[in-house]
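Structure, as structure tokens:
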């Protein structure tokens, strides 16, 4: 049942009210629009509280660049695709959980013991250098865009030309393919040189690379080690 009789009478009353309701000016107190019964008993501090100010968004700190570990006269520079976020934040290479680089490097004969990521500076003692094709850190290597490799080619070329290692070993095919435009690539040594250095393609040691077991990685890296003797 309608509170004021039949539907037609009720509808006319509602139409009349809607046409004669005053719209408050923009700066009027909005509390006047709220029925008294809804605000009765509320503390005065709530009714007259100042408007809330929006807090500014906190500044997002950029991820620091992972420093290269390079020197003159190295046997090989291992070139990763790009740093992982955790590795860049900590300032150490191949720090990501599940990354097999350091154990594989040892088992392949490059180091007399397995180095920890925090000992990456000691790689120089064994004639090894570390760098990345793209400096931008990501959670996964596949988040690097193809054009980023092409843009980074000149800088990497300058590094290798400056330090003149015997060999540069790209970890995975993506960076070398993106920098040279080559698509048909085999693992192992490549026919062309990179800034005067021999080029070797090795499988990416990331734990996300399930196409290569740890044993397969050791075999591939050991072949490079034997070639440099």
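The values are calculated or read from the model by the stated rules, or taken from the named source; none is laboratory data. Quick caveat, the model's predicted, so the values are computed rather than measured. Note that we place each Cβ from the backbone using ideal geometry, even for glycine, and neighbour counts take in every protein chain shown.
Give the number of residues within segment 106-128 that are in contact (Cβ under 8 Å) with a residue 24 or more places away in the chain, in contact with a helix residue (DSSP H, G or I) (Cβ under 7 Å, 6 or more places away or on another chain) and buried (at least 17 other Cβ atoms within 10 Å of the Cβ).
Qualifying residue count for the region: 4.
Is segment 132-154 home to any residue that is without any contact (Cβ under 8 Å) to a residue 60 or more places away in the chain, closer than 21 Å to residue 220 by Cβ and either touching a strand residue (DSSP E or B) at 6+ places or on another chain (Cβ under 8 Å) or surrounded by 14 or more Cβ atoms within 10 Å (Cβ to Cβ) (or both)?
Checked against the condition, which is being without any contact (Cβ under 8 Å) to a residue 60 or more places away in the chain, closer than 21 Å to residue 220 by Cβ and either touching a strand residue (DSSP E or B) at 6+ places or on another chain (Cβ under 8 Å) or surrounded by 14 or more Cβ atoms within 10 Å (Cβ to Cβ) (or both), segment 132-154 yields at least one hit.
May I ask you to say which residue of 219, 190, 166 is surrounded by 14 or more Cβ atoms within 10 Å (Cβ to Cβ), out of contact with any strand residue (DSSP E or B) (no Cβ under 9 Å at 6 or more places or on another chain), modelled with pLDDT of 95 or more and farther than 20 Å from residue 83 by Cβ? Show your work before the answer.
Numbers: 190 fails: out of contact with any strand residue (DSSP E or B) (no Cβ under 9 Å at 6 or more places or on another chain); 166 fails: out of contact with any strand residue (DSSP E or B) (no Cβ under 9 Å at 6 or more places or on another chain).
Step by step, each of 219, 190, 166 is checked, and only 219 is surrounded by 14 or more Cβ atoms within 10 Å (Cβ to Cβ), out of contact with any strand residue (DSSP E or B) (no Cβ under 9 Å at 6 or more places or on another chain), modelled with pLDDT of 95 or more and farther than 20 Å from residue 83 by Cβ.
Give segment 85-98 a look and list any residue that's out of contact with any helix residue (DSSP H, G or I) (no Cβ under 8 Å at 6 or more places or on another chain) and closer than 22 Å to residue 176 by Cα, or say none.
Within segment 85-98, the first condition is being out of contact with any helix residue (DSSP H, G or I) (no Cβ under 8 Å at 6 or more places or on another chain), and the residues that meet it are 85-86, 88-89, 91, 98.
Once the filter is applied, which keeps residues that are out of contact with any helix residue (DSSP H, G or I) (no Cβ under 8 Å at 6 or more places or on another chain) and closer than 22 Å to residue 176 by Cα, segment 85-98 yields 85, 88.
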